[in-house]
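Note sheet for the following structure.
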Amino acid sequence: MFIAIQNLGCSKNQVDGERILSLFTYNGHEITEDFSTADIIIVNTCAFIKEAQEEAIAAILDMGEIRKTGRCRTLIVSGCFSQRYRDKINNEFPEVDIWAGVEDWEQVLSSLLQKPSGEKSSFKRALSEPLSTQYIKIAEGCSHSCSFCVIPSIRGKFKSRSTDEILQEAQWLYDQGTRELILVAQDTSFYGRDKGTNLAALLETLLLRTRFPWIRMMYLHPQLVNNDLLKLIASEERLCSYFDIPLQHVSDPILTAMNRLPLSKGLYSLVDQIRSEVRDATLRSSFILGFPGETEKHFNELKQFIMYARFDKMGVFPFSPEEGTKAYSMRPRPRIATTQRRCDELMSIQQDISRGLLEAKIGSAQQIIIDRVSDDHDFNYEGRTMADAPEVDGRVFIQDGSFELGQILTAKIIGASDYDLYAEVF
Ligand code: SF4
């Protein structure tokens with residue numbers, strides 16, 4: 001049979017989707033990117049916020065049309081939207097044959113294939129391009145309880161994968177050509193706390209037992225970035241000095257309503273601690289604006305913090321009231337126009353900060369990984385530095401030369417824009 005998948009949402013969901021596909025290929029089936037010729041279509045969904053749910057519904061309806069007209073005989077919806085809503089709304093989507101929960105794939109496959117899937121290795125995946133950069137999921141779920149977040153109710157409590165399993169998958173990825181390994185989880189810094197180990201120990205194992213030139217972490221929690229981790233990152237060149245720490249806000253009353261720690265004093269000292277321990281640290285963060293109770297005073301505190309912290313990378317999101325969360329019933333909610341104005345104001349401050357920080361890199365030599373041949377005719381390639389994560393951060397445009405995709409090389413930074421760099425390889 002031909003299987004096609006549409007992966008929505010985050011990198012963790014993408015990894016799940018690749019795993020699902022490998023269960024089918026292990027049983028002799030083939031992957032196609034052409035939905036009209038697929039026998040089985042999987043929509044692997046996200047349900048984190050309203051926009052993601054709307055995107056999931058649109059994708060299900062689109063694939064439902066193909067189910068009616070194309071070769072498809074089975075339409076499967078998987079991922080967080082299925083996990084969260086399948087019992088409530090499955091009657092509203094008669095075109096969907098199977099609603100798979102995040103842990104249901106063995107049964108789904110056995111029912112589809114009329115036999116056990118037989119696939120025992122828990123890590124093989126049908127990898128997405130580029131092979132040179134791959135995510136590895138080190139855990140499932142989250143044990144924090146941020147008042148605005150549905151993830152713990154969908155994915156359950158934090159459950160670490162064993163270090164051996166992660167190492168096996170990492171070594172397999174290296175053999176497939178991966179050179180940049182990106183560790184992901186809802187909170188990577190919580191890794192191992194349910195198994196008597198921790199993230200630093202996992203990193204030391206990966207450094208010792210694999211040959212990845214670049215190892216990056218996404219989604220650290222501000223409460224769990226400690227000195228051991230900082231010292232390890234500062235001492236190991238193969239570890240990207242890249243700190244992706246979603247902080248959500250800085251004003252104490254808002255952080256308290258979000259049920260998040262540390263409070264503002266702790267966040268200021270965390271930024272100082274990272275910058276003092278890790279010389280070339282790159283700080284990425286994201287903030288929620290328009291949370292219930294947020295006033296202009298709270299917003300000004302956040303503006304002050306952004307100007308103090310000078311994040312290298314930053315994202316802002318308007319508050320999305322999610323049913324089933326504590327924040328859903330909180331009031332008053334700032335007007336949508338006010339929230340949008342605050343988001344725009346913060347991003348315009350950040351735009352200047354980002355340009356200033358990137359311009360300071362002009363003339364420096366940086367390691368660059370080549371991601372793709374550039375769509376921009378003025379440049380041959382696009383890549384990233386160790387300070388740029390794929391999909392969310394800026395790119396480096398390279399004018400001349402001929403290189404392999406996934407090649408890591410040293411280049412001189414010759415220019416900068418608000419979010420991107422320009423480089424030449426000498
Ligand atoms: S840490 Fe992240 S995933 Fe966990 S509850 Fe908070 S926002 Fe949600």
Residue that is in contact with a Gly (Cβ under 8 Å, 6 or more places away or on another chain) and surrounded by 22 or more Cβ atoms within 10 Å (Cβ to Cβ), where the choices are 254, 233: 254
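Every residue, every condition in (1) farther than 27 Å from residue 394 by Cα; (2) of a type in the set (D, E, K, R); (3) modelled with pLDDT of 95 or more, yes or no:
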site: 271; (1), (2), (3): no, no, yes
site: 284; (1), (2), (3): no, yes, yes
site: 306; (1), (2), (3): no, no, yes
site: 314; (1), (2), (3): no, no, yes
site: 317; (1), (2), (3): no, no, yes
site: 322; (1), (2), (3): yes, yes, yes
site: 329; (1), (2), (3): yes, no, yes
site: 338; (1), (2), (3): yes, no, yes
So the check is Cβ under 9 Å with 6+ separation or different chains; which pairs have a first residue in region 96-109 that's assigned by TED's automatic domain parsing to the domain that holds residue 20 and a second one that's part of a loop (DSSP other than H, G, I, E, B) and open to solvent by 40 Å² or more (accessible area, probe 1.4 Å)? 97/73; 106/116; 109/115; 109/116
Single match in 284, 279 (criterion: more than 18 Å from residue 135 (Cβ to Cβ) and among the basic types (Lys, Arg)): 279
Close pairs from region 143-156: first under 15 Å from residue 224 (Cα atoms), partner of a type in the set (Asp, Glu), Cβ under 7 Å, at least 6 apart: 144/187
Any chance region 207-223 includes a residue that's surrounded by 15 or more Cβ atoms within 10 Å (Cβ to Cβ), hydroxyl-bearing (Ser, Thr, Tyr) and closer than 30 Å to residue 360 by Cβ? yes
Hey, residue 128 part of a loop (DSSP other than H, G, I, E, B) and under 22 Å from residue 82 (Cα atoms) or not: no
Across region 139-154, which residue is surrounded by the fewest Cβ atoms within 10 Å (Cβ to Cβ) among those that are near the ligand (Cβ under 8 Å from one of its atoms) and closer than 19 Å to residue 45 by Cα? 152
Which condition does residue 392 not pass, out of (1) surrounded by 13 or more Cβ atoms within 10 Å (Cβ to Cβ); (2) more than 24 Å from residue 291 (Cβ to Cβ); (3) aliphatic (A, V, I, L, M), if it passes all the others? (2)
If you go through region 23-54, how many residues are within 21 Å of the chain's Cα centre (by Cα) and polar (S, T, N, Q)? 3
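The values are calculated or read from the model by the stated rules, or taken from the named source; none is laboratory data. These numbers were taken from a predicted model, which means no experiment stands behind them. Every residue, glycine as well, gets a Cβ built from its backbone with ideal geometry; the counts of neighbours run over all protein chains shown. The accessibility values were calculated without ligands, DNA or RNA, using every heavy atom of the protein model including side chains. Shrake-Rupley method; radii C 1.70, N 1.55, O 1.52, S 1.80 Å.
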